Amino acid sequence: MARRTDDHHAGSNKAEKRDLTRFQKSLLKEANRTITLRSDGHAQEATLEEAVIRKLFQVATSGSPHALGHVLRNINDAQMLNQALIREEVAKGKQIKQWLQQRLDRAVREGADPVWVIPHPDDIVIDEDEGWSVRGPVDVDELKSIRHQVTMRDILLLQSVLDERLSDAPRLEESDGPAVETAGSTSQVFANLLNNNLPKRFQLSAAGVVLEIMRFQRLTKRELLKTTHLAWAAIGQPKPRGATLPPWSEAGPRIERTMRVINDALGQLKPGTLISERDIVERLSEMLQR
């Protein structure tokens with residue numbers, strides 16, 4: 001008897017488990033589309049859902065609102081179901097985060113390096129309006145890639161200090177012009193790009209970047225030359241001792257031009273104009289020489 005009751009509850013829960021139909025998904029997508037309405041001679045941005053609601057009240061004052069009411073009820077039903085599904089995802093994300101935290105705590109107690117415990121609970125991002133997502137490495141290969149990016153960011157910050165030290169131009173904090181015009185700016189631009197694209201727990205704060213730069217600035221010129229040279233060599237990208245990068249005022253236009261060339265080449269790849277590696281290389285070389 002008890003077994004039949006359990007089976008009944010299991011069947012009931014299964015029956016209550018619903019998902020958005022294709023029609024409901026399309027309806028929600030269309031309802032959230034933004035359009036331009038004119039009201040009292042002024043243009044206003046509104047979603048189709050808002051436009052329907054406005055029309056519903058207009059029709060209600062002059063005639064039958066049944067057709068529009070039907071659409072509105074479907075939108076409401078879809079939104080209610082969608083919100084319920086999001087709540088389920090949020091609850092699931094919180095459970096996963098809690099389980100990963102317990103797993104991390106246990107690993108630390110056993111002497112493991114917390115950096116290598118993945119997925120990491122801090123990488124589980126809970127969004128009450130969306131659900132949950134993973135913003136970090138989920139396996140060792142992804143973690144190694146991220147740690148390489150962290151190393152590259154730190155080397156570029158080190159390189160920016162070397163660029164400043166070997167330049168006759170004023171330092172960033174002493175210059176009246178924008179930082180992107182001074183020595184070391186290219187290295188800092190790339191370091192910031194890498195930093196901003198890292199998972200949150202691997203990022204340096206603005207203050208952290210400043211402290212890292214200040215730490216490198218305390219090195220003597222000889223130490224700075226040696227440390228930078230060894231750092232590039234350690235990641236398999238050796239550079240001549242004392243090699244510097246041009247300021248962003250010079251590097252920026254070059255990179256912008258290169259990106260235009262690449263986009264042009266990609267545009268020709270889609271219709272099949274460029275079909276071999278040799279064609280691609282020749283076309284890129286031709287465009288870069290212009």
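The values are calculated or read from the model by the stated rules, or taken from the named source; none is laboratory data. Because the structure is a prediction, the values reported are computed rather than measured. Don't worry about glycine lacking a Cβ; one is built from the backbone with ideal geometry, like all the others, and counts go over all protein chains shown.
Below, the figures for the structure above:
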{"quantity": "Hey, I126 under 24 Å from F202 (Cα atoms) and either free of Cβ contacts under 8 Å to residues at least 60 places away in the same chain or part of a helix (DSSP H, G or I) (or both) or not", "calculated": "yes"}
{"quantity": "Meets criteria (more than 21 Å from R241 (Cβ to Cβ), assigned to a helix (DSSP H, G or I) and either outside the structural domain of P119 (by TED's automatic domain parsing) or at pLDDT 95 or above (or both)) for L211", "calculated": "yes"}
{"quantity": "Top-ranked residue of segment 237-263 - restricted to ones that are in a helix (DSSP H, G or I) and touching a helix residue (DSSP H, G or I) at 6+ places or on another chain (Cβ under 6 Å), ranked as modelled with the lowest pLDDT", "calculated": "V261"}
{"quantity": "Members of segment 194-240 that are over 30 Å from V125 (Cα atoms) and exposed (fewer than 11 other Cβ atoms within 10 Å of the Cβ)", "calculated": "M214, R218, T220, R222, G236, Q237, P240"}
{"quantity": "Which numbered condition L198 misses (of (1) in a loop (DSSP other than H, G, I, E, B); (2) without any contact (Cβ under 8 Å) to a residue 12 or more places away in the chain; (3) not acidic (D, E))", "calculated": "(2)"}
{"quantity": "Residue in segment 47-54 that is small (G, A, S), within 36 Å of the chain's Cα centre (by Cα) and modelled with pLDDT of 85 or more present", "calculated": "no"}
{"quantity": "Number of the condition not met by D141 [criteria: (1) farther than 30 Å from R22 by Cβ; (2) of a type outside the set (S, T, Y); (3) in contact with a Leu (Cβ under 7 Å, 6 or more places away or on another chain); (4) without any contact (Cβ under 8 Å) to a residue 40 or more places away in the chain]", "calculated": "(3)"}
